[in-house]
Each structure stands twice: as structure tokens, then as C-alpha cells.
Amino acid sequence: MKIKNFLLLSLAAVAFAACDNISESERYGKDPVDVQKAKNVLIEDFTGQKCINCPKATDVIHELQGLYGEDHVIAVAIHGGALSLPETNPKGLATEQGKAYHEHWNVTTWPKGKIDRGENLEFTSWSAEVVKRLQMKPIVDLDLSGTTYDATSRKLNVAVKMTGNEAVEGKLQIWLIEDNIVLPQQMPDGSLNKNYVHNHVFRASVNDPYGTPVMVAKAASETKQFDYTLAEKYKPENMSVVAFVYNDAGGVLQVIKKKIQ
């Protein structure tokens, strides 16, 4: 019996050591990232409430945000397409603009994602691409500290300050997202979770849906302001502004997020 117990303990120790040796760098194929010096990364998560594998994609996002922080890995869940429920349905989350984004980016299967406006990727490929993009230095810095919200009028003034670390030409895009929305979701085991908590859900575009053209010289700063009135169904205490600058050459150059309240 003593020999048997010894063998079991030895095997357990070997198994534990093998698991312990799977480091973060091995799991993600890169060395750990100093996110304080890196650019932030945008995940556009094309999803739907009738998509059984979409919760798995959400789990990948949560894991990445747990490793690097929600302010460094910024996700936006864009509902639309055949596996979504329209927001005209009291239990739906798909906006007309969300549907347009699915069509614009030719998303026909779910879940799919764009990392910093790259190609459409399966969720199993997101982690490696996020880590790669986190290695980069931002060529433009963004600041939303001047953004204000009036609870009485429900008017939001988004002020985005852009500072060029290099000369930048691209488009500034501003979205509103909402957390803690409890609505149904089909699950990977085929069941329906009627109380699924949906987070970082795309609600609206504050400016042009595909961005406002911007140019910022190196070491110079420019501020753009936009006004938006929140619909009554949105809960400002659960909402954030997501602002990012992108172009065709570099994808998303920088992205930031700020809570409305």
C-alpha cells in the first residue's frame, strides 16, 4: 500500500510540474507584455444570441482581459446577422448599425472577430493576435478625460484629444457600449440561458459609423468633440465610450475606453 501511495504521489507531482511549466508565454506564443508601455487592442466580437459557440468567444475575451486588463484589451460585442435578435424585440440586442457592420465586413458565420481591424478570425486565433498587437507602441495617444455627461438631459459630450507620437492620418471612430445586460443566450451545450449577462454590447455610433477623418502632426495635439443624447432604454451607469483611430495601413492605431458615469 505504501508503494502504491508513493507511486500515486509521484505521478501527481509529475502532472503538477507539467502543468506548472506551461507558462503564459508558452500558452500565447509570446513573452509577457508590459501593457503600460504597449498600445491597447480592440476586439470587434461579431456575435449573436442564437449562436451556441459565441459564449466560448466571450470566455476568450474574459481571459485576455483578466491577463492584461479591460482598459488594454477593449472588446465590443456587435450583434447582427442570422443568429441575432433585433433590438425591436424586447429581448434582442442587434441594432441596424450592428447589422450593417456584419454586412460591411462580410461576416456570415459566428463567432468571428477582428483584432485591431485585421482580417476576420475564428475565436481560437484571437489570443495570439492580441498578444502580437500588444507588443506594438502606439503612434497616437488618445485621451477621453474631457468627456462629460448630463444626467438630467441625458446629453453626452465626447471630447477626444489626440496626440501624435508620429504623424497620423486616419479616421476617428466613437462607439457606445453597455455592460450588465441580462437577456437570453444560446449556450454551447444547446441550452438557453435566460439570464445570461451580456457585456460590452455595441449600442450606437456617436459620430459617422465608419469614422471621422483626422490628421495629427508629430508631437501635436488635436481635440474633436461630438454630442449624443442617450436613449431612455440605455443605462448610463453601465455604459462606456470607446474611441479609436484607425487607417487602412495600420489597422487600429490606438483605442481607449471611458465610463460615462
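The values are calculated or read from the model by the stated rules, or taken from the named source; none is laboratory data. Nothing here was measured: the structure is a model prediction, and the numbers come from that model. For neighbour counting, all protein chains shown are included, and Cβ atoms are generated from backbone atoms with ideal geometry for every residue, glycine included.
Return the residues of the stretch 114-132 that are among the basic types (Lys, Arg), closer than 19 Å to GLN173 by Cα and surrounded by fewer than 21 Cβ atoms within 10 Å (Cβ to Cβ); say none if nothing qualifies. I'd like the intermediate steps shown before the answer.
Step one: of the stretch 114-132, the residues among the basic types (Lys, Arg) are 114, 117, 132.
Remaining after also requiring closer than 19 Å to GLN173 by Cα: 114, 117.
The answer is ARG117, and nothing else.
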**Study point:** Subset of the stretch 208-261 that is outside any strand (DSSP E or B) and aromatic (Phe, Trp, Tyr) - its residue that is farthest from GLY118 (Cα to Cα)
**Key:** TYR234
Practice item. Kindly check whether there is at least one residue in the stretch 42-51 that is more than 30 Å from ALA231 (Cβ to Cβ), crowded, with 16+ Cβ neighbours inside 10 Å and either modelled with pLDDT of 95 or more or among the small types (Gly, Ala, Ser) (or both). Key: no
Point to revise | Test: residue in the stretch 28-39 that is surrounded by 13 or more Cβ atoms within 10 Å (Cβ to Cβ), at pLDDT 95 or above and closer than 19 Å to PRO111 by Cβ | key: no
Practice item. Determine whether VAL158 is crowded, with 16+ Cβ neighbours inside 10 Å and either under 30 Å from CYS51 (Cα atoms) or touching a helix residue (DSSP H, G or I) at 6+ places or on another chain (Cβ under 8 Å) (or both). Key: no
Practice item. Would you check which residues across the stretch 115-169 are without any contact (Cβ under 8 Å) to a residue 24 or more places away in the chain, acidic (Asp, Glu) and outside any strand (DSSP E or B) and list them? Key: GLU119, GLU122, GLU129
Exercise for review: Considering each residue of the stretch 44-96, count those that are within 17 Å of the chain's Cα centre (by Cα), farther than 21 Å from ASP189 by Cα and in a helix (DSSP H, G or I), and give that number.
Suggested key: 5
Check your understanding: How many residues are touching a Pro at 6+ places or on another chain (Cβ under 7 Å) and under 17 Å from ASN120 (Cα atoms) when one looks only at the stretch 56-99?
Key -> 2
